[in-house]
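To keep things clear, I will list the structure first and then write my remarks on it.
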Amino acid sequence: AACSSFRLRDALHPLWQSELSVSGGTRQSPINIQWRDSVYDPHLKPLKIHYDPTTCLYIWNNGYSFQVEFDDSADKSVIMGGPLENHYRLKQFHFHWGAINEWGSEHMVDSKVYPAELHLVHWNPVTSTSFEEAIMENNGLVVIGVFLKDTIVEFDVFDPSCLMPSCPDYWTYDGSLTTPPLTESVTWIIKKTPIEVDQNQLEEFRMLLFTSAGEEEKRMVDNFRPLQPLMNRTVRSSFR
Ligand SMILES: NS(=O)(=O)c1ccc2oc(=S)[nH]c2c1
Ligand SMILES: [Zn+2]
């Protein structure tokens with residue numbers, strides 16, 4: 001239902017007007033993950049995540065989302081394991097969300113859409129010398145996608161735990177950036193279990209602006225790319 005009520009004119013939003021499909025793209029993101037078509041891969045290891053909070057630098061509005069940047073000059077905040085051949089460095093995280101809770105995530109699971117999706121962006125320091133170089137490399141990037149769902153929080157139980165659900169289960173597939181340059185350089189790792197955020201948090205996202213000072217205000221909402229064709233790809237799962 002959310003998709004049908006998703007107005008075409010939103011999909012043609014200036015952000016993606018010229019990028020609805022990359023010419024010749026064979027591994028574009030986001031996709032709808034069909035749970036029953038995903039293939040359990042027993043060789044997939046648990047994902048190992050070591051984030052050092054002192055590497056957190058600053059937050060800024062990059063015109064697509066708000067982004068939290070990390071110091072990636074050393075192997076301090078890294079992920080490894082899972083489908084990965086080596087470790088990857090955390091560069092930034094950001095979110096995608098909708099104007100209302102009926103839509104907002106970029107990926108979907110069996111056509112279920114969530115109000116928002118977190119992307120933790122990492123690059124491969126073994127095959128690239130910088131993030132900017134890695135976005136042009138075949139497997140230069142790993143993005144961990146985490147769905148957000150809203151919850152009614154009774155403050156005595158609100159635990160500001162880290163941004164990762166405790167459940168280790170994930171899907172993984174080869175895809176692309178979902179904003180320009182849309183390069184096909186991303187190993188996607190999509191967590192099966194969403195994290196719960198307070199409704200107020202989602203409302204705060206929606207108060208951000210696409211526009212800068214002095215321009216006519218445009219609320220930063222619906223900053224997600226439409227679904228892309230799966231084409232010749234299989235989504236693997238780390239769980240039965
Ligand atoms: N939305 S996303 O696919 O995670 C993503 C991650 C990193 C990016 O760097 C540029 S440039 N565009 C990007 C899009
Ligand atoms: Zn993103």
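Just so it is clear, none of the values below were taken in a lab; they were calculated from the coordinates. Just so you know, these numbers come straight off a predicted model, no measurement behind them. Quick reminder, even Gly has a Cβ in these numbers, built from the backbone with ideal geometry, and neighbours come from all protein chains shown.
See the values below:
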{"quantity": "Residue tally, condition touching a residue at least 40 places away in the same chain (Cβ under 8 Å) and not aliphatic (A, V, I, L, M), over the stretch 120-155", "calculated": "13"}
{"quantity": "Tally of residues being within 14 Å of GLN228 (Cα to Cα) and within 12 Å of ligand 2 (Cβ to nearest atom) across the stretch 172-186", "calculated": "6"}
{"quantity": "Output for the stretch 70-90, where each listed residue is surrounded by 18 or more Cβ atoms within 10 Å (Cβ to Cβ) and closer than 27 Å to LEU208 by Cα", "calculated": "PHE70, ASP72, LEU90"}
{"quantity": "Top-ranked residue in the stretch 115-155 [being more than 12 Å from ligand 1 (Cβ to nearest atom) and aromatic (Phe, Trp, Tyr); ranked as surrounded by the fewest Cβ atoms within 10 Å (Cβ to Cβ)]", "calculated": "PHE155"}
{"quantity": "Residue in the stretch 92-106 that is under 21 Å from ASP174 (Cα atoms) and away from ligand 1 (no atom under 16 Å from the Cβ) present", "calculated": "no"}
{"quantity": "Residues (assigned to a strand (DSSP E or B) and either at positive phi or more than 14 Å from ligand 2 (Cβ to nearest atom) (or both)) located in the stretch 91-115", "calculated": "MET108, VAL109, LYS112"}
